[in-house]
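The values are calculated or read from the model by the stated rules, or taken from the named source; none is laboratory data. Just so we're clear, the structure is a prediction, and the values are computed from it rather than from any experiment. No Cβ is skipped: glycine too gets one built from the backbone with ideal geometry, and neighbour counts run over all protein chains shown.
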């Protein structure tokens, strides 16, 4: 069932239930003069029905991962059950003349206010989980890409000729350290990771030039060692960052 089909089904179910409530009202109130207490009772029943159906539509705020529904739905269902029980108690007190109509109205208004606060808190919790999850995915996505780029470069560096043994050893050692980098918060970490990525690309370009024999060994060796030192410095600085 698609999202649109699911929403359409829930709307149809809601309208059907509303029709049942309306039918029960007309059948019970037909030909009778309703008292203020009776009108209040039926209005309360209608509100309780609306409140009961809120979780069915609140599902739409949940995101892809099922675990993201956890912070919102238990709060909503607890609030729904609590409101309905409290509302029934108010109706029973009014029916038995324990409280006046004015107090019953005030009580129902207070219950609706508290229920609205709970719905807001549930929505806020779900939104917070979604935003935090998105931020965490962005952090890990770039770090994962950095590690993948380092893995590819290690293949190129491993194939360097023996003339570049010192630079190759330094590069491979640094690439190994990149595997153990953990995501961090803050601009400084992101900035260093971008610089590391640029350094990896620069080393890859030098390795390609060496493979193509574009320049003399001495020139390429100096260039490669310079890039290797730069990469080493950046990775070492990045490792010092912690959340």
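Can you tell me which of (1) surrounded by 12 or more Cβ atoms within 10 Å (Cβ to Cβ); (2) in a helix (DSSP H, G or I) is the one residue 208 doesn't meet?
Condition (1) is where residue 208 drops out.
For the condition loosely packed, with under 12 Cβ neighbours inside 10 Å, assigned by TED's automatic domain parsing to the domain that holds residue 100 and either touching a residue at least 24 places away in the same chain (Cβ under 8 Å) or out of contact with any strand residue (DSSP E or B) (no Cβ under 7 Å at 6 or more places or on another chain) (or both), what is the one hit in 14, 26, 40?
Unique residue meeting the criteria: 26.
With the condition kept exactly as written, say whether any residue in the range 177-198 is farther than 22 Å from residue 241 by Cβ and in the same structural domain as residue 234 (by TED's automatic domain parsing).
no
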